[in-house]
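What follows is one structure encoded as structure tokens, with my remarks underneath.
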Amino acid sequence: MNKKPFKAPFDNNFFSNNFGKKYVHKKNFINEENSVLSLEILEDMLSKSNIWNNKNFKMMLDQKTLNYNDYSSLSIDVSGSNNRPDVDKVQRLVSKGASIILNDIEKYNTNLLKISDELQRLTQGRCQGNLYFSMASHKAFGPHFDLHDVFAFHFEGEKVWNIYENIENSPINHPVFKISSEERIKRAGKLVDQVTLKPGDLLYIPRGQYHDALASKNGAIHVAFGLTYFKPIDLMSSLWEKFILNDFMRQDIQPNPNKNDLRVILDKFTKEIADIITSEETLEILNSNINNWPYKIKEYSIKSLVLEGIRYDVDKSVRFEKKDNKSFLISGKNSVEVPKQYCDLTQYILDREFVTDRLILTEFKNTSKEIIKECIENLTNMKVLK
């Protein structure tokens, strides 16, 4: 697969006009889609039976979740006795129209991980992917909405996506938003568009948008990457221990208070919460949660140990961030804009514990040696490289 998983980057209009607002269909968007995922690659992944369990391997048939015991059996391997998906049982259900859903699929496919990493880099969100294998004329899900933005990349066969008119307002994982299938059909509203996805296509669906999909040919495969962000409600979880340690929050409220007593309690309650929320410590907690929200997967640098060259250790307290089509190096409260010609190179370096000049030259063959030299010198002068 090419270094960049997409044939063309998302343009500025996508993020300003569509992201979080309106669905978008991009045709022929993925580079070398057949080498990323195909029926043969899927079969090979499924054959690695020891990685699959009741958490990451699901099956559905005609909008009903199948019981894991219906398609698994006891298997003995180096990790002991475990219930694993049973080949014969799975294939029998697939022949009847059942769908296979593989969760966290980017963990098991390097090229899908590259797509996930690129989405995280572009959006600064947290990305997680699920694979869906579907047979024709059997719908796994009826009209529904997701709790996250969805980037659906299509790899095999064809699938028709129905887009409905209504969007739930900022849904989260809470019983308030867990509604019956009958109610979802009512709330979805009118069908406003049908989008046919073919290999290499992308469909973006914003969080809360009602939709469903149906394979028009047997063996349709797509991977839906869900993108989430830190929310104000998440801050409450981060501050929960501070509320517990606050003496006032643990005090008993005496029975039979009058209105004046209640006002005193609420005034004190408001002040204690305000003191916690407006503190510098909470500001740092919020900043840390937002900046560390995307998944960070460390890559091995064995090649840099093998290749000769000058070794540079990378200061991991420095972050590389993109804001408003500009790139910055951020250390504490200080930030420096990174010139465009250095962006990819700088991000590559900041993603590693250490690099060598020979490794950089090997990985960036199409970048001029002068630019590489200037970038290394600048980062060394800034003490990002040591």
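Each reported figure results from applying straightforward, stated rules to the coordinates on display, with no laboratory input. In this text, all values refer to a predicted model and were calculated from it rather than measured experimentally. All Cβ positions, even for glycine, are placed from backbone atoms using ideal geometry, and neighbour counts span all protein chains on display.
Just order 284-296, 256-268 by mean Cβ neighbour count inside 10 Å, highest at the front, would you?
Details: 284-296: 13.8, 256-268: 10.2.
Output ranking for 284-296, 256-268: 284-296, 256-268.
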Square roots of five times the Cα gyration tensor eigenvalues for the stretch 232-290, Å: 27, 11, 9
For residue 217, list the aspartates and glutamates whose Cα falls under 14 Å from its own Cα; do not include residues on the same chain fewer than 8 positions away. 156, 158
Could you tell me which residue out of 10, 76, 254 lies farthest along the dipole of the chain toward its positive end? Charges go on the beta carbon: Lys and Arg +1, Asp and Glu -1, centred on the Cα centre. 10
What are the ³J(HN,Hα) couplings of the stretch 253-262, residue after residue, when phi is run through the Karplus curve with 6.51, -1.76, 1.60 and θ = phi - 60°? Round to Hz, x for glycine and proline. 9, 5, x, 6, x, 8, 4, 5, 4, 5
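Which order do 346, 380 fall in if you start with the one that has the fewest other Cβ atoms within 10 Å?
Working: 346 21, 380 12.
Ascending Cβ contact count within 10 Å gives the list 380, 346.
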With θ set to phi - 60° and the Karplus curve 6.51 cos²θ - 1.76 cosθ + 1.60, what are the ³J(HN,Hα) couplings of the stretch 274-284 in order, to the nearest whole Hz, using x for Gly and Pro? 4, 4, 5, 5, 8, 6, 4, 5, 5, 4, 5
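Net charge near residue 26, counting Lys/Arg +1 and Asp/Glu -1 over other residues with Cβ under 12 Å of its Cβ?
Details: positive: 7, 27, 198; negative: 11, 201.
Cβ neighbours under 12 Å give a net charge of +1.
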For residue 48, list the aspartates and glutamates whose Cα falls under 19 Å from its own Cα; do not include residues on the same chain fewer than 8 positions away. 40, 77, 86, 88, 104, 106
Table column - 3J(HN,Hα) (Hz), the stretch 341-354, Karplus curve with 6.51, -1.76, 1.60, x for Gly and Pro: 5, 9, 4, 4, 5, 5, 5, 4, 5, 5, 7, 10, 6, 7
Within straight-line cross-link reach of residue 322, aspartates and glutamates at Cα separation under 12 Å, skipping those fewer than 8 residues along the same chain: 337, 344
Sorted from fewest to most neighbouring beta carbons within 10 Å, what does the list 368, 75 look like? 368, 75
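Taking Rh as the Kirkwood radius computed over C-alpha pairs, what is the Stokes-Einstein D of the stretch 302-381 at 25 °C in a medium of viscosity 0.890 mPa s, expressed in µm² per second?
Details: Rh = 13.1 Å.
D = 187 µm²/s.
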So what is the 222 nm mean residue ellipticity for the chain from helices alone, if each DSSP H run of at least 4 adds -39500 (n - 2.57) and you divide by all residues, rounding to the nearest 500 deg cm²/dmol? -9500 deg cm²/dmol
(1) 32; (2) 37; (3) 46: which one is percent of Cα pairs over 33 Å apart as calculated from this entry? (3)
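Checking the table 21/114; 21/316; 21/242; 22/139; 296/323 against a 29 Å threshold on Cα-Cα, which pairs fail?
Numbers: 21/114 25 Å; 21/316 35 Å; 21/242 36 Å; 22/139 24 Å; 296/323 19 Å.
Among 21/114; 21/316; 21/242; 22/139; 296/323, the Cα-Cα distance tops 29 Å for 21/316; 21/242.
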